[in-house]
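> What follows is a single structure, and I will ask about it in a moment.
The values are calculated or read from the model by the stated rules, or taken from the named source; none is laboratory data. Quick caveat, the model's predicted, so the values are computed rather than measured. With ideal geometry, Cβ positions are generated from the backbone for all residues, glycine too; neighbour counts draw on all protein chains shown.
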Amino acid sequence: MRQVNLLNVTINNITMVELLENLRIGGVVFTPNVDHVMKLQKNQDFYLVYQEADYRVCDSKVLMYISTFLRTPIQEKISGSDLFPAFYNYYQHDDKIKIFLLGAEADVVKIAQQKINSKVGRDIIVAAHSPSFGFEKNEEECQEIVNLINFSDATVLAIGVGAPKQEMWIAKYRKQLKNVKVFLAIGATIGFEAGNIKRSPKWMSEVGLEWLYRLLSEPQRLWKRYLLDAIPFLWLIVKQRFQLYENPWSAVKRHKGSNLASLIKSKKM
């Protein structure tokens, strides 16, 4: 599979159609953006989890521009908010695809479930659940969520609780989800689907200004993510361009299967 190395993230350089078709056999999908990339410079546990994803696809037009600057262009942006609707539309007639939606507030996730099922024409979202704030630190609640997912008979988990929580939760509990074959970490997408969060105009997304639209929409929550990380991110990119960048976790061996699960269970998310 074609890949692009951007700092310490290996991004799969594939198209949306290729990804959707590949997911017939299952897989874990993460969608790296600038925020993820910067967290991966500082958070070793997050980095280890990221290595376990089957697909890491470009969530950001900014990363596409950067990849061109690095002379390894990424061919298509596949954000979580684009991937999820593409996924449920692509598999709308496949009865084997049953989605459990995890994240957002209770009313929001239920509205998203209703709207998606109405668009698809069947109950492709078989269940939806809003976890409590800080649920990832409550093992009892996490086990209840695992039971809910297993009871629903879902074959797909779409989780939108923000990074790195959603990726870490998938890594820790995926082995306990008996029927789930596809894992999608989708960030704020549930809010977009419900309609309570507006996406940027299409032209802003196409030129790489979706981040600016979101910053102006939620300045108190997002200003640190979009502004404070910008300068160190660009500095690291310049270092990579001139072959001066070093992966801070280069000496860390990859953890596979149960070894990684044990590592994550032993640490706080």
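> Do you know which residues across segment 62-109 are more than 20 Å from Leu20 (Cα to Cα), more than 19 Å from the chain's Cα centre (by Cα) and not in a helix (DSSP H, G or I)?
Leu70, Arg71, Thr72, Pro73 - these are the residues of segment 62-109 that are more than 20 Å from Leu20 (Cα to Cα), more than 19 Å from the chain's Cα centre (by Cα) and not in a helix (DSSP H, G or I).
> Return yes when Ile231 is assigned to a helix (DSSP H, G or I) and modelled with pLDDT of 80 or more and no when it is not.
The answer is yes for Ile231.
> Scan Leu40, Leu19 and give me the residue that is in contact (Cβ under 8 Å) with a residue 40 or more places away in the chain and on the phi < 0 side of the Ramachandran plot.
After applying the criteria, what remains is Leu19.
> Something else about it: Restricting attention to segment 114-142, and to residues there that are in a strand (DSSP E or B) and among the small types (Gly, Ala, Ser), which single residue is surrounded by the fewest Cβ atoms within 10 Å (Cβ to Cβ)? Lay out the reasoning, then the answer.
Keep residues of segment 114-142 that are in a strand (DSSP E or B), which gives 125-129.
Add one more test, that the residue is among the small types (Gly, Ala, Ser), and what stays is 127-128.
Details: Ala127: 18, Ala128: 25.
Within segment 114-142, the match that is surrounded by the fewest Cβ atoms within 10 Å (Cβ to Cβ) is Ala127.
> Okay, moving on. Pairs only if they're at least six apart or on different chains, beta carbon under 9 angstrom, first in segment 115-127 and farther than 15 Å from Gly103 by Cβ, second hydroxyl-bearing (Ser, Thr, Tyr) and in a helix (DSSP H, G or I); list them, first residue then second.
The qualifying pairs are Lys119/Tyr88; Val120/Tyr88; Ile124/Tyr88; Val126/Ser152.
> Filtering segment 37-56 down to residues that are assigned to a loop (DSSP other than H, G, I, E, B) and within 14 Å of Ala171 (Cα to Cα), which residue is modelled with the lowest pLDDT?
Within segment 37-56, the match that is modelled with the lowest pLDDT is Glu52.
> Let me ask another. Taking into account only those residues within segment 1-22 that are β-branched (Val, Ile, Thr) and not in a strand (DSSP E or B), which is farthest from Ser67 (Cα to Cα)?
Val17
> I've got another one for you. Arg2: surrounded by fewer than 21 Cβ atoms within 10 Å (Cβ to Cβ), free of Cβ contacts under 8 Å to residues at least 60 places away in the same chain and farther than 24 Å from Trp169 by Cα, yes or no? Walk me through it before giving the result.
Working: surrounded by fewer than 21 Cβ atoms within 10 Å (Cβ to Cβ): yes; free of Cβ contacts under 8 Å to residues at least 60 places away in the same chain: yes; farther than 24 Å from Trp169 by Cα: yes.
Taking the combined requirement at face value, the residue satisfies it.
> Could you give me the residue pairs with C-beta distances under 6 Å whose first residue belongs to segment 179-190 and is at pLDDT 95 or above, whose second residue is crowded, with 21+ Cβ neighbours inside 10 Å and among the aromatic types (Phe, Trp, Tyr) wherever it lies, and which are 6+ apart or on separate chains?
Ala185/Phe30; Ile186/Phe84; Thr189/Phe84
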